[in-house]
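Every number here is computed from the coordinates shown, using simple stated rules; none is lab data. As the structure is a prediction and not an experimental result, all values here were calculated from the model. Cβ atoms come from the backbone with ideal geometry, glycine included; neighbour counts cover every protein chain shown.
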Amino acid sequence: MLTKILLTALVLIIAWHFLTRKRSAKEAPQAMVTGQSLLKRYGIITFLATILILGVGVSVWHWYDGYQIVNVTVSSPATGQSSTFQVRKKDIDGNLLTTVEGLQIRVSDQETITVSAN
């Protein structure tokens with residue numbers, strides 16, 4: 001996930017570099033930079049920085065939320081038994097649960113799973 005963020009940031013930086021280099025070559029004969037071009041330049045930089053900060057924030061939140069520990073109750077209607085396990089949110093994957101202790105549990109289609117916060 002961190003690789004995706006860094007790659008995206010690298011692409012944005014390279015694109016910004018090429019866009020400003022071409023503009024500076026075209027604007028070289030002009031001695032003064034107008035207020036609108038400055039506003040446009042800072043607007044683009046602000047927009048890209050905001051997108052980058054939001055992307056990092058969402059990634060950090062997703063990582064943090066995945067490591068939250070929840071109680072998972074597996075109930076079997078055939079036997080009437082139910083068992084409760086502590087599982088990280090990121091380790092709940094369809095019919096497979098991996099507990100905090102490392103125990104892998106496969107759940108059948110007839111069993112019901114109830115997830116609750118600690």
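Compared with the direct C-alpha span, the chain from W61 to V11 gains 15.7 nm at full extension, assuming 0.36 nm per residue. Please give the helix 2-26 orientation as an angle from the longest Cα principal axis of the chain, in degrees from 0 to 90, rounded to the nearest 10. Orientation of helix 2-26: about 10 degrees from the principal axis. Taking every C-alpha pair closer than 8 Å and separated by at least 6 residues, the mean separation divided by the residue count of the chain gives a relative contact order of 20 percent.
Distance between the 7 Å Cα→Cβ label points at A78 and T46: 6.3 nm.
Helix 35-66 and the longest principal axis of the C-alpha atoms of the chain enclose an angle of approximately 10°. With viscosity 1.002 mPa s and temperature 20 °C, the Kirkwood radius over alpha carbon pairs of the chain converts through Stokes-Einstein to a diffusion coefficient of 114 µm²/s.
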